[in-house]
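To start, the structure itself, in structure tokens.
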Amino acid sequence: MGMNESEASLIIKAGAELLLAASADPRSNEGYVAVKANIAMALDNIAQALHNFEAAVATADRSTGWVQDLNRVADDLRER
């Protein structure tokens with residue numbers, strides 16, 4: 001893809017805002033299993049991106065806890 005990390009993060013933010021708006025709809029239970037699976041996959045990818053960013057800077061491991069937390073949430077979403 002031809003975008004940088006800042007542009008990609010804006011798409012993630014916009015997607016989260018759209019998901020929030022859609023969740024206010026009474027039909028929001030439709031496809032909830034798929035929604036949880038998609039969010040879990042997105043969280044895994046965000047965690048990997050954070051890990052990649054950390055690997056590229058001299059002061060690595062700043063967000064190791066965040067990566068672990070995101071992976072745990074993703075796992076929980078898949079299990080329920």
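Nearest 10 degrees is fine. How inclined is helix 32-55 to the longest principal axis of the chain, computing both from alpha carbons? Roughly 10 degrees between the two axes. Per residue, the chain reaches -25500 deg cm²/dmol at 222 nm when only DSSP H runs of four or more residues are counted, each adding -39500 (n - 2.57). For the pair L18 and S6 in one chain, pulling the backbone fully straight at 0.36 nm per residue adds 2.5 nm over the alpha carbon distance. In terms of the mean number of neighbouring beta-carbon atoms within 10 Å, the peptides 63-71, 51-59 order highest first as 63-71, 51-59.
Normalised by the number of residues in the chain, the mean separation of alpha-carbon contacts (under 8 Å, six or more apart) gives a relative contact order of 31 percent.
Readers should treat all values here as calculations from the given coordinates under stated rules, not as data from a laboratory. For clarity, every value in this text was computed on a predicted model and none was experimentally measured. Every residue, glycine as well, gets a Cβ built from its backbone with ideal geometry; the counts of neighbours run over all protein chains shown.
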